[in-house]
There are 4 protein chains.
Amino acid sequence: MEQKAVSNYGATRRDFLAGWAVLTMAAALGATLQVAAQPQPTSAGLADPKLIEDLVAANRILVNQGVLDTLGHVSARHNRDPNRYLLARSRAPEMVSADDIIEYDLDSNPVDARGRPMNLERFIHGAVYKARPDVKAIVHNHSPSLIPFGVTGIPLRPIYHSAAFIGEGIPVFEIREAGGMTDMLVRDPALGGALARTLGNKPALLMRGHGAVVVGPSVPSVVRRSIQLEVNAKLQTQAMTLGGNITYLDPEEVRKIMAREDVALERSWELWKRKVMPK
Amino acid sequence: MEQKAVSNYGATRRDFLAGWAVLTMAAALGATLQVAAQPQPTSAGLADPKLIEDLVAANRILVNQGVLDTLGHVSARHNRDPNRYLLARSRAPEMVSADDIIEYDLDSNPVDARGRPMNLERFIHGAVYKARPDVKAIVHNHSPSLIPFGVTGIPLRPIYHSAAFIGEGIPVFEIREAGGMTDMLVRDPALGGALARTLGNKPALLMRGHGAVVVGPSVPSVVRRSIQLEVNAKLQTQAMTLGGNITYLDPEEVRKIMAREDVALERSWELWKRKVMPK
Amino acid sequence: MEQKAVSNYGATRRDFLAGWAVLTMAAALGATLQVAAQPQPTSAGLADPKLIEDLVAANRILVNQGVLDTLGHVSARHNRDPNRYLLARSRAPEMVSADDIIEYDLDSNPVDARGRPMNLERFIHGAVYKARPDVKAIVHNHSPSLIPFGVTGIPLRPIYHSAAFIGEGIPVFEIREAGGMTDMLVRDPALGGALARTLGNKPALLMRGHGAVVVGPSVPSVVRRSIQLEVNAKLQTQAMTLGGNITYLDPEEVRKIMAREDVALERSWELWKRKVMPK
Amino acid sequence: MEQKAVSNYGATRRDFLAGWAVLTMAAALGATLQVAAQPQPTSAGLADPKLIEDLVAANRILVNQGVLDTLGHVSARHNRDPNRYLLARSRAPEMVSADDIIEYDLDSNPVDARGRPMNLERFIHGAVYKARPDVKAIVHNHSPSLIPFGVTGIPLRPIYHSAAFIGEGIPVFEIREAGGMTDMLVRDPALGGALARTLGNKPALLMRGHGAVVVGPSVPSVVRRSIQLEVNAKLQTQAMTLGGNITYLDPEEVRKIMAREDVALERSWELWKRKVMPK
């Protein structure tokens, strides 16, 4: 801090020191205020324990089903407040437990991380929850059979009825368009927003050279869709290998199936959850 | 109910109330009779416990072998009455137990569902049992390697001896021909009948964009055929990838193998069943 | 039996009955002798318990490794007598135990089946042991990745060093050449002999539309070769998918590797056996 | 030893025996010196127990992940001395324990093998540690999806962000260039040196018709790279099957990802290690 020459008219040494102290404290306070420009959001309160339990189960189910590896994550919108969502700390999905869940606002600021490391790509979740009030759960994965579609630009199309939602369209997010040459991680709100804009109102998108983002109206729904995307990609690859003309689902078939999309969901969820959660 | 003006010639107030009561009861009775237009079939009695046990085992074996997922189902014709069949309530096959088995007539009306939810596509089973007196067990599955054949129209052909029955022909059921654009489920007797007509006298058919239906003279037989269909589809896909001219089984080879089709069945069933049933 | 008219010169009624009895017994004895035209070979004595143990382990290892399914079998030449071999009764390989092992002569007659059902295709083993004094163990399997090679006639070639023995040549046995249109099983010595002639001095052959036969100088060796055949077939399929020119092992490389073929065998066998046998 | 005629001038019998004894001892000493031309290197002392533990875990993790079979091996540079490295005795990786670890110098001479059989191809490790001071851990594997790339010469390229290091280039080691027609094993320092020269400063190389060698700055890093190489090879194969133009990672993307390559490594290592090591 620049020290200005002051005349000694009536000012004592103590005056100078006092003045200096005040300036120092003011500077410190100002610095603190600047650090705290990152708001600490208030909690929406305890989430429904069943929602937390489903979120933990979802992590394990998706590892079981070959959709999630040691990376990737699952989140759910807070049941008490649409401006909060729940996402595990940075940890292999297979190891996630209820204690690992962190509450975030839609700018992906943590309510109380308590020193737990955060997923670098939480901005995917926050940005999509912001743009999509209908979405209640999100999966980010490196689902293997999807990646070749993302890098070739060959459109995923619905081969069988369990994956009808693919008929609504699965866009490809090319991160170069939003951020040029990057390290390929959606590591800030700007990239998160670009991804959400690419997603639009679709049920999922592919991230070129990275993986996928899947959304749904509930945790069981987004888990089912993630599994079905991987299956459909495998089947579509095999069908294209066989050659010949492929009959995909007709848009009218897609609409009719979407009208009853979750009719068998509870039946599948019951089994998947039972296999990964202790009694 | 419309109240008609009546003259008061000789009728008392009590008369009117009595008349009204009679009309109300008559209307209620008529409504009840209309609700009960869906018959409640009589039971054929207790099924052979070994048949029930084999049916439960079949569900688990087919999940183990990658043929059944959380959807799909297995049924058996009742041993006491060819006009009854046994099918689990709507439940992931991996979780099916003896208590889940419901008895149906061939119109797929339940004898006594006891509030248990029923498989939407039970009409597949009823219609095929009706059309095929020789069939004693049926599997409906989403066997993954079969689906690309159904959507490309490339005929499944017998690559190796364990799948010789494929040589009898595996038709493709295109639901659009029977029901136009639907949600792809065989959810009523009309669609079930159309499927049965497509099946004809064949050992299985593919449901385009959906899965397959496999039939057989016993539960072990239909389980073996379901497994072999999936294997043959994988091998045929790989052979087509290699290229070159493929030597499939000759019709005479098919006939000779079919004459001894089940010679090794007990050997396989012994192992499969042991691996899924508690001692 | 035709009753001839006989005169009554000096013959009594008792004479007739006696004569009849003698003829009946003679006929029965003759019938018995004809049934026993199938020799009952003598045993070579108790086989080395370690050999039996390795044979049981081989069955389980090959199921573990995806080479054997519920069918297929493994045999070993008897350590005491080259004219005897050991093969399990007809049973899923996963379930084979020491009590299931039956001793056979090289015409595949059992020493003492004790009513246990025999493998229909034991004639593969007997015929190959007859033709190949160097062979000490044989596997017959339906190894899945091999079958497409057998039906397309595309030659299996050694892609990597662990499968160098493929460089000696893997012929294809087309059963039509030996038996016309059959049920595809090597169910008698004639077909067994035809298979052995096709095998020649090679380490394995493919049975078109059926599977493979693999031979070796020991049980561990034939197990390793069976596993490596399956792996090589998968890799060759993938390499052909990638396209381009494939560099296979050179015949000189094959020779040099075959000179040290079993240098790492004990290391692999130690692990495979430990994983399937109780302590 | 040739016995020379000596005259008996003043020499006694004792003299002869003493002379004989001296000559014998001298010969023995000379023989010992020749045997000991293979130096016995001195130990660098006890390695960090955590390093040994990670090395044992790495073996098991890579088997779990389908990268290592019964052959192949993992090594680590000694934490106390860059001129020593640690490698298990010749044993299936799945069975390796801390007692199996042998310390070597960079010519791959063992400090104290104690009669334990040594990996024939340890010369891969020694030669690479010599040439690459930055390398702290090495994997030699027969990673299946890599082998078709090695034999077709189709370059491995980075399809997705977790395998960005592939963008630095993965050379192919063709052993014929260094050793002509061999048994394909890197069984001496000359071949090890040729392999290290082919590796240059790259993160891995493919051994044509054999497998791969992967290097890294730590045991967790080389494990992660080995797993990602196998995954990338599978995805690249599938993408090439789909056809069309493949968008690989841009060199700038590769550089940016490499700058943060290990940011998520601890997260993956935590899970992988937990699944294979007893508590």
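The values are calculated or read from the model by the stated rules, or taken from the named source; none is laboratory data. Bear in mind the structure is a predicted one, so any value in this text is a computation, not a measurement. No Cβ is skipped: glycine too gets one built from the backbone with ideal geometry, and neighbour counts run over all protein chains shown.
When segment D:112-134 is examined, which residues are found to be assigned to a loop (DSSP other than H, G, I, E, B) and either more than 13 Å from chain C (Cβ to nearest Cβ) or within 14 Å of the chain's Cα centre (by Cα) (or both)? Before the answer, list the steps.
Of all residues in segment D:112-134, those assigned to a loop (DSSP other than H, G, I, E, B) come to D:112-121, D:132-134.
Matches in segment D:112-134: D:112, D:113, D:114, D:115, D:118, D:119, D:120, D:121, D:132, D:133, D:134.
To keep it simple, each residue is scored yes or no on (1) touching a Ser or Thr at 6+ places or on another chain (Cβ under 7 Å); (2) free of Cβ contacts under 8 Å to residues at least 60 places away in the same chain.
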residue: B:124; (1), (2): no, no
residue: B:156; (1), (2): no, no
residue: B:162; (1), (2): no, no
residue: B:169; (1), (2): no, yes
residue: B:175; (1), (2): yes, yes
residue: B:179; (1), (2): no, yes
residue: B:186; (1), (2): no, no
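Within the group A:230, A:252, which residue is buried (at least 19 other Cβ atoms within 10 Å of the Cβ) and charged (D, E, K, R)?
A:230
Within segment B:68-86, which residues are in a loop (DSSP other than H, G, I, E, B) and within 14 Å of chain A (Cβ to nearest Cβ)? First the steps, then the outcome.
Start the filter on segment B:68-86 by keeping residues that are in a loop (DSSP other than H, G, I, E, B), which leaves B:68-72, B:78-83.
Selection gives B:68, B:69, B:70, B:71, B:72.
Only one of B:266, B:252 is part of a helix (DSSP H, G or I), farther than 16 Å from residue B:168 by Cα and among the charged types (D, E, K, R); which?
The unique qualifying residue is B:266.
Does residue C:116 satisfy being surrounded by fewer than 17 Cβ atoms within 10 Å (Cβ to Cβ), in contact with a strand residue (DSSP E or B) (Cβ under 7 Å, 6 or more places away or on another chain) and closer than 14 Å to residue B:270 by Cβ? Lay out the reasoning, then the answer.
Working: surrounded by fewer than 17 Cβ atoms within 10 Å (Cβ to Cβ): yes; in contact with a strand residue (DSSP E or B) (Cβ under 7 Å, 6 or more places away or on another chain): yes; closer than 14 Å to residue B:270 by Cβ: yes.
Answer is yes for this residue.
Rundown of residues vs (1) within 14 Å of chain D (Cβ to nearest Cβ); (2) out of contact with any strand residue (DSSP E or B) (no Cβ under 7 Å at 6 or more places or on another chain), yes/no style:
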position	(1), (2)
A:110	no, no
A:136	no, no
A:149	yes, no
A:153	yes, no
A:165	no, yes
A:173	yes, no
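Output the residues belonging to segment A:268-279 that are at the interface with chain B (Cβ under 7 Å from one of its Cβ atoms) and free of Cβ contacts under 8 Å to residues at least 12 places away in the same chain.
Result: A:270, A:271.
Considering only segment A:119-155, state which residues are within 30 Å of residue B:149 (Cα to Cα) and either surrounded by fewer than 24 Cβ atoms within 10 Å (Cβ to Cβ) or at pLDDT below 95 (or both).
To start, the set of residues in segment A:119-155 that are within 30 Å of residue B:149 (Cα to Cα) comprises A:141-155.
Of everything in segment A:119-155, those that are within 30 Å of residue B:149 (Cα to Cα) and either surrounded by fewer than 24 Cβ atoms within 10 Å (Cβ to Cβ) or at pLDDT below 95 (or both) turn out to be A:142, A:144, A:145, A:152, A:153, A:154, A:155.
Give me the pairs: first residue in segment D:245-267 and at the interface with chain A (Cβ under 7 Å from one of its Cβ atoms), second residue surrounded by fewer than 18 Cβ atoms within 10 Å (Cβ to Cβ) and assigned to a loop (DSSP other than H, G, I, E, B), beta-carbon distance under 7 Å, and six or more apart or on different chains, which are they?
D:250/A:181; D:252/A:181; D:253/A:181; D:256/A:181
Take segment A:197-213 and flag every residue that is within 13 Å of the chain's Cα centre (by Cα) and farther than 11 Å from residue A:171 by Cα.
If the condition is that a residue be within 13 Å of the chain's Cα centre (by Cα) and farther than 11 Å from residue A:171 by Cα, then A:211 is the only one that fits.
Please go through segment B:79-102 and pick out each residue that is out of contact with any helix residue (DSSP H, G or I) (no Cβ under 8 Å at 6 or more places or on another chain), closer than 11 Å to residue B:52 by Cα and surrounded by 20 or more Cβ atoms within 10 Å (Cβ to Cβ).
Scanning segment B:79-102 gives a single hit, B:102.
When segment D:195-234 is examined, which residues are found to be part of a strand (DSSP E or B) and away from chain C (no Cβ under 14 Å)? Steps first, answer last, please.
Let us first name the residues in segment D:195-234 that are part of a strand (DSSP E or B), namely D:204-207, D:211-216.
The answer is D:204, D:205, D:213, D:214, D:215, D:216.
Within segment C:95-108, work out how many residues are in a loop (DSSP other than H, G, I, E, B) and free of Cβ contacts under 8 Å to residues at least 40 places away in the same chain. Before you say what the answer is, go through the steps one by one.
First, the residues of segment C:95-108 that are in a loop (DSSP other than H, G, I, E, B): C:96-97, C:106-108.
Now drop any that are not free of Cβ contacts under 8 Å to residues at least 40 places away in the same chain, which leaves C:106.
Qualifying residue count, segment C:95-108: 1.
Please find, among C:174, C:168, the residue that is over 19 Å from residue C:121 (Cα atoms) and surrounded by fewer than 24 Cβ atoms within 10 Å (Cβ to Cβ). Let's see the steps before the verdict.
Working: C:174 fails: over 19 Å from residue C:121 (Cα atoms).
The conditions single out C:168.
For residues in segment B:199-222 being of a type in the set (A, V, I, L, M) and in contact with a Phe, Trp or Tyr (Cβ under 7 Å, 6 or more places away or on another chain), which is farthest from residue B:134 (Cα to Cα)?
Step one: list which residues in segment B:199-222 are of a type in the set (A, V, I, L, M), which gives B:199, B:204-207, B:212-215, B:219, B:222.
Then keep just the ones that are in contact with a Phe, Trp or Tyr (Cβ under 7 Å, 6 or more places away or on another chain); that gives B:205-207.
Working: B:205: 16, B:206: 20, B:207: 21 Å.
My answer is B:207.
Looking at residue B:188 and the list (1) surrounded by fewer than 22 Cβ atoms within 10 Å (Cβ to Cβ); (2) over 23 Å from the mean Cα position of the chain (by Cα), which single condition is not satisfied?
(2)
Looking at segment A:138-189 only, could you name the residues that are of a type in the set (Gly, Ala, Ser), more than 23 Å from residue A:246 (Cα to Cα) and assigned to a helix (DSSP H, G or I)?
Within segment A:138-189, A:178, A:179 meet the criteria.
Among the residues in segment A:87-94, are any away from chain D (no Cβ under 14 Å), free of Cβ contacts under 8 Å to residues at least 40 places away in the same chain and under 23 Å from residue A:210 (Cα atoms)? Show your work before the answer.
Going residue by residue through segment A:87-94, those that are away from chain D (no Cβ under 14 Å) are A:87.
Subsequent filtering for residues that are free of Cβ contacts under 8 Å to residues at least 40 places away in the same chain retains A:87.
Those left that are additionally under 23 Å from residue A:210 (Cα atoms): A:87.
There is at least one residue in segment A:87-94 that is away from chain D (no Cβ under 14 Å), free of Cβ contacts under 8 Å to residues at least 40 places away in the same chain and under 23 Å from residue A:210 (Cα atoms).
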